[in-house]
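Colleague: I have a structure here, written as structure tokens, and I will follow up with some questions on it.
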Amino acid sequence: MLEVTTRSGPPLDFPTGERDADASKFQLALNEDQSGTTGANGTGATQLSQGQATAPKSANRPELEKIANDPTVSAEIDKAWNASNPNGPGAKHEKGFWISKDDKTGALSVTPFPDNGTNDSLTPGSPPSEKGKTVVGFFHTHPNTDGEGYKQEPSNADENFARAVGVPGLIRSHDGMYYYGPKSP
Amino acid sequence: MIIQIEYAITQERSMNTAEQSLISAAEQAVIAKFPDFKAEGKKPILHDMGDHWEFTYELPPTMLGGAPVVVIDKRTKSISHIYRTQ
């Protein structure tokens with residue numbers, strides 16, 4: 001379950017409809033997994049995933065929500081989020097990975113970024129080039145909180161990087177998932 | 001926290017001098033608010049956003065991440081917001 005962190009500004013007070021919409025999306029992800037629906041990875045995995053809740057301020061990108069809620073990708077998002085130490089104590093480190101799709105099966109897989117993240121930056125290097133796979137996006141964490149003076153959404157550098165590599169970005173933050181950048185190939 | 005800038009731009013100064021004053025004030029605000037921030041290797045930039053200026057630092061294009069952002073209100077000539085992106 002995602003942690004909701006108290007903001008330093010006015011209290012969060014989303015309209016009920018917005019809250020309900022997010023709850024519905026979350027429930028939908030649960031239902032799909034519980035029914036054993038074949039995921040985007042084409043494995044027919046029956047693994048129960050909590051799903052990645054979308055941040056209220058994120059762009060509406062259903063195709064990227066689907067990628068984030070693929071069982072393989074969702075598990076890796078959870079792993080990277082925990083590894084970035086979002087709740088402290090101690091140093092936080094941004095973590096991330098490339099997301100690739102198998103051209104034949106449609107199965108999604110990930111390639112970790114180099115482990116060079118600071119608390120608020122990361123250098124991913126070049127996208128992987130693997131025969132039979134297409135890079136469809138990249139993911140990274142935003143482990144810092146509003147209380148530490150940080151915005152949760154994509155930065156200008158995040159947007160510029162997505163445009164430069166030509167694939168969309170996914171971010172896990174204390175607000176939930178953010179989606180941005182160009183369309184997935 | 002609202003930090004009042006010591007803002008001494010006179011009519012006869014050139015725009016470049018005005019920009020330099022803004023950048024200098026914004027840099028001081030960043031040092032005061034985020035003493036752990038390291039500006040080395042990052043290019044300071046000032047955006048004219050119409051009713052306000054935004055001062056921040058540009059990261060190399062190969063990087064993901066953020067920097068402090070200082071929002072300066074043109075009317076009141078004071079810092080209205082200061083935050084970080086990540």
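The values are calculated or read from the model by the stated rules, or taken from the named source; none is laboratory data. Predicted model, so just to flag it, every value in this text is computed and none were measured. Every residue, glycine among them, receives a Cβ derived from its backbone with ideal geometry; neighbour counts consider all protein chains shown.
Colleague: Collect the residues in region B:40-52 that are surrounded by fewer than 14 Cβ atoms within 10 Å (Cβ to Cβ) and either over 30 Å from A:PRO127 (Cβ atoms) or within 12 Å of another protein chain (Cβ to nearest Cβ) (or both), keeping them in residue-number order.
Modeller: Within region B:40-52, B:GLY41, B:LYS43, B:ILE45, B:HIS47, B:ASP48, B:MET49, B:GLY50, B:ASP51 qualify.
Colleague: If the requirement is being within 14 Å of chain A (Cβ to nearest Cβ), surrounded by fewer than 17 Cβ atoms within 10 Å (Cβ to Cβ), in contact (Cβ under 8 Å) with a residue 12 or more places away in the chain and in contact with a strand residue (DSSP E or B) (Cβ under 9 Å, 6 or more places away or on another chain), which of these qualifies: B:PHE37, B:PHE55?
Modeller: The conditions single out B:PHE37.
Colleague: Could you say whether any residue in region A:175-184 is within 9 Å of another protein chain (Cβ to nearest Cβ), within 28 Å of B:HIS81 (Cα to Cα), touching a helix residue (DSSP H, G or I) at 6+ places or on another chain (Cβ under 9 Å) and buried (at least 20 other Cβ atoms within 10 Å of the Cβ)?
Modeller: No, region A:175-184 contains no residue that is within 9 Å of another protein chain (Cβ to nearest Cβ), within 28 Å of B:HIS81 (Cα to Cα), touching a helix residue (DSSP H, G or I) at 6+ places or on another chain (Cβ under 9 Å) and buried (at least 20 other Cβ atoms within 10 Å of the Cβ).
Colleague: Another question, if that's okay. So how many residues does region A:116-146 have that are in a loop (DSSP other than H, G, I, E, B), in contact (Cβ under 8 Å) with a residue 12 or more places away in the chain and more than 20 Å from A:ASN87 (Cβ to Cβ)?
Modeller: Going through region A:116-146 one residue at a time, the tally reaches 6.
Colleague: Same structure again: Just a yes or no: is a residue in region A:91-110 touching a strand residue (DSSP E or B) at 6+ places or on another chain (Cβ under 9 Å) and at pLDDT below 95?
Modeller: no
Colleague: Between B:THR62, B:THR76, which is of a type in the set (S, T, N, Q), free of Cβ contacts under 8 Å to residues at least 12 places away in the same chain and under 20 Å from A:GLU153 (Cα atoms)?
Modeller: Result: B:THR62 is the single residue among B:THR62, B:THR76 that is of a type in the set (S, T, N, Q), free of Cβ contacts under 8 Å to residues at least 12 places away in the same chain and under 20 Å from A:GLU153 (Cα atoms).
Colleague: Related question: For A:GLY88, all conditions in the list (1) within 23 Å of A:SER155 (Cα to Cα); (2) at pLDDT 95 or above hold save one; what is the number of the exception?
Modeller: Result: A:GLY88 fails condition (2) only.
Colleague: Oh, and also: Somewhere in region A:80-93, is a residue more than 10 Å from chain B (Cβ to nearest Cβ) and either among the basic types (Lys, Arg) or under 22 Å from B:PRO61 (Cβ atoms) (or both)?
Modeller: Taking every residue of region A:80-93 in turn, at least one turns out to be more than 10 Å from chain B (Cβ to nearest Cβ) and either among the basic types (Lys, Arg) or under 22 Å from B:PRO61 (Cβ atoms) (or both).
Colleague: I'm trying to understand the selection: among the residues of region A:70-115, which are in a helix (DSSP H, G or I) and surrounded by fewer than 18 Cβ atoms within 10 Å (Cβ to Cβ)?
Modeller: A:ALA75, A:ASP78, A:LYS79, A:ASN82, A:ALA83
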